[in-house]
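Single-structure report; data block below.
Quick note: the coordinates plus some simple rules give every number you see, no bench work behind them. Here the structure is a predicted model, which means the values were calculated and not measured. All Cβ positions, even for glycine, are placed from backbone atoms using ideal geometry, and neighbour counts span all protein chains on display.
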Amino acid sequence: MDLRAVLSDSTIASISAALDQHLVLFFEHQELDPVQQRDFAARFGTLYTHPFYPGDEQAPEIMVLAHDETRRANSDRWHNDVTYLEKPPQAAVLYAEEIPEIGGDTLWANMCLAYETLSPPLRELVSNLRAVHSFAKNFTPERFRALGMEDRREQLYAEHPPVSHPVARTNLATGRKALFVNQDFTTHIEGLSAREGDALLRFLFEHMAQPEFQVRWRWRPHTVAFWDNRWAQHCALADYFPNRRRMRRATILGDRPV
């Protein structure tokens, strides 16, 4: 399908159903400008404007992720996006503008499978735990300084205090659970000592990154990936330096995790 078109409600419902089933969808041979990308993503919910990354001039909700010899990517960690919000994003729409000849693949992992392959006692344990997610863990003073944004640091820290989310998140529509901690934003597990919590998080991060849960996508320009940020993590490989990679992301807000 052509994502530039004004899609019918039934088509949008079909895409949503496919996303529920597969967690990540790919649309090739798309020619989306930022406004068209924004309008497509907005059919699925309210969009989030990121406070740290630059937005497109025509569509501020569209975050621009550009890396080359002057700005090296540091995103090759498994994570869910923007879990420092009380209501983290439900999904994201990523468009490839420029892709290096070699490298720059993105991987997605199914966090429902990651939860379901834990042993029953460990599933019971994590189902009763909550973890703290922090904007400041990923957006450090060093990152603000590197981008010349130190004057905004304290304001953004104040606007994004740490939040608490369940370690295992429930899909109310299906009853399935998914692990919901990530390396970018999860700082600690509530009620556990630092030693206990760090050990459990290290285990979960390693467990969640197993190849059996993953799909790996080799990008080509003018391709869209649409994924569910609640039940899938992703990892953008930063293996193309000093070559150029330019992507645009629309982020669709969601509900409070339960």
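What residue among 36, 155, 233 shows peak mean-square fluctuation when the chain is described by a Gaussian network model with Cα springs under 10 Å?
Looking only at 36, 155, 233, the largest GNM fluctuation is found for 155.
Using a Gaussian network model of the chain whose springs link C-alpha atoms within less than 10 Å, name the residue from 221, 120, 54 with the highest mean-square fluctuation.
Maximum fluctuation in the GNM of the chain, among the listed residues, is at 120.
Spin-label point model (7 Å from Cα, Cβ direction): what's the residue 87 to residue 53 distance in nm?
It is 2.1 nm.
Listing 177, 87, 137 from the residue with the fewest other Cβ atoms within 10 Å to the one with the most, what is the order?
On the way: 177 22, 87 14, 137 17.
Ranked by crowding around the Cβ, least crowded first: 87, 137, 177.
Rounded to the nearest 0.05, what FRET efficiency is calculated for residue 8 and residue 29 with R0 set to 25 Å and r the Cβ-Cβ distance? Show your work: numbers first, answer last.
Numbers: r = 20 Å, r/R0 = 0.82.
For residue 8 and residue 29, the calculated efficiency is 0.75.
Let's test the formula: R0 of 22 Å, r as the Cβ-Cβ distance of residue 192 and residue 119. What FRET efficiency results, to the nearest 0.05? The partial results should precede the final answer.
Details: r = 18 Å, r/R0 = 0.84.
After rounding, the FRET efficiency stands at 0.75.
Tell me, what does the Kirkwood hydrodynamic radius of the stretch 104-215 come to in angstroms if you use every pair of distinct C-alpha atoms? The partial results should precede the final answer.
On the way: mean 1/r = 0.0642 Å⁻¹.
By the Kirkwood definition, the hydrodynamic radius is 15.6 Å.
Per the Debye formula with a single identical scatterer at each Cα and no solvent contribution, what log10 I(q)/I(0) holds for the stretch 54-172 at q = 0.09, 0.16, 0.19, 0.20 Å⁻¹?
-0.36, -1.07, -1.33, -1.39
Dividing the alpha-carbon Rg of the stretch 1-55 by 2.2 N^0.38 Å yields what?
Dividing the Cα radius of gyration by 2.2 N^0.38 Å gives 1.23.
Determine the relative contact order of the chain: mean sequence separation of Cα pairs under 8 Å and six or more apart, normalised by residue count, in whole percent. Can you show the working numbers first?
Working: 503 pairs, mean separation 105.6, N = 258.
It rounds to 41 percent for the chain.
If we count every other residue with Cβ under 14 angstrom of residue 202's Cβ, Lys/Arg +1 and Asp/Glu -1, where does the sum land?
Details: positive: 77, 195; negative: 196, 198, 206.
Value of the local net charge: -1.
Modelling each spin label as a point 7 Å along the Cα-to-Cβ direction, I'd like the residue 256/residue 68 distance in nm, to one decimal.
The answer from the label model is 4.5 nm.
Nearest 500 deg cm²/dmol is fine: what mean residue ellipticity at 222 nm does the chain get from its DSSP H runs of n ≥ 4 alone, each adding -39,500 (n - 2.57), divided by its residue count?
Working: 8 runs with 72 residues, N = 258.
Roughly -8000 deg cm²/dmol at 222 nm, from the helical runs in the chain.
Only counting other Cβ atoms within 10 Å, I'd like 149, 1 sorted with the fewest neighbours first. Write out the running numbers ahead of the final one.
Values: 149 14, 1 10.
Taking fewest neighbouring Cβ atoms as first place, the list is 1, 149.
Would you mind counting up the charge near residue 45? Only other residues with Cβ under 15 Å from its Cβ, with Lys and Arg at +1 and Asp and Glu at -1.
Details: positive: 38, 43, 87, 230, 249, 256; negative: 9, 20, 39, 61, 81, 228, 255.
Here the charged neighbours net out to -1.
Could you give the nm distance between label points at residue 176 and residue 98, where each point is 7 Å from its Cα heading toward the beta carbon?
3.8
Sort all Cα-Cα distances of the chain into consecutive 5 angstrom bins from zero, then give the percent of pairs in each bin up to the one containing the longest distance.
Once binned at 5 Å, the Cα pair distances of the chain give 1, 6, 12, 17, 19, 18, 14, 8, 4, 1, 0.
In a shell of Cβ-Cβ distance under 12 Å around residue 150, excluding residue 150 itself, what net charge do Lys and Arg (+1) and Asp and Glu (-1) give? Display every interim value, and only then the final one.
Numbers: positive: 143, 145, 152, 153; negative: 142, 151, 154.
Here the charged neighbours net out to +1.
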